[in-house]
Amino acid sequence: MGEIVLLGLIAGLGTCLGALLVVAFGRLGPASISLMLGFASGIMTAVIIFDLLPSSLHYGSLAATLTGFAGGILLMAFLDLGLNILAPSLFRGRGYLKMGYLIAAGIALHDLPEGFAIAAGFAAAERLGPILVLAIGLHNIPEGMATAAPLRYGGMGAGRVLALNAIISLVTPLGTFVGLELVAASYTFIGLLLAFAAGAMTYIVLGELAPESRRSNKPLAYTGMLAGLILIMALSFIA
């Protein structure tokens, strides 16, 4: 079990690597932000379509998938509303900072069922587990970039950005550990979590990422979206 949880941690650390890349290159310009947010939109959309929702239907029922999906959207909507109501002074004029926190929350929700997926992969077939670790680790890199870019653009310090992404990175091995304990339990529960993450990510893409990516440079935003879609489709094909 310990080795599998360690592999889950390695996959989760892809988020930190993505954040480190953003910090190393410094504060990005509007064109770069459009490209990166578009790339993140494409990645998240592809993960929802080709990974989260099909896996949710596979492990659970249509009702569980619809319930989880709606729950994820509602949670992110309430979180967004809470950030606007409870801390208006913190985010006034700093929309990128709010977006970064929302993305971080959504990715953390996404990483938990990813940990479940790694655990299920090792339980289902010995060869499937490492492939899932590779695929999840690779697409965690741009997810870390998607979190770090708006936070940095919103004025957060490099140390805090890396610390936040380090915390997010721990969610994947946590999900792996819990998944190993629950792998013999109800698949419907895992399907519900996968759909929940899909709903949360859908809210982020449609409500925050995609509109903001098109604000400064639409061609670069659409280029990034297409690149993100192609990347995850390729990883899904490999896995």
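Just so it is clear, none of the values below were taken in a lab; they were calculated from the coordinates. All of these numbers come straight from a predicted model, not from anything done at the bench. Glycine also receives a Cβ, built like all others from the backbone with ideal geometry; neighbour counts cover every protein chain displayed.
Worth a mention:
- Zone of Thr223's modelled label, taken as backbone nitrogen in region 38-55 under 14 Å from a point 7 Å along Cα→Cβ: 38-39
- Linear extension gain, Leu62 paired with Ile10, 0.36 nm per residue minus alpha-carbon span: 15.5 nm
- Label-to-label distance, nm, for residues given as Glu181 and Ala234 (7 Å Cα→Cβ offset): 3.8
- Segment Leu74-Ile49, length gained on full extension (0.36 nm per residue, minus Cα span): 7.1 nm
- For the peptides 216-227, 142-153, 13-24, residues were scored by their other Cβ atoms within 10 Å and the scores averaged per peptide; the highest-first order is 142-153, 13-24, 216-227.
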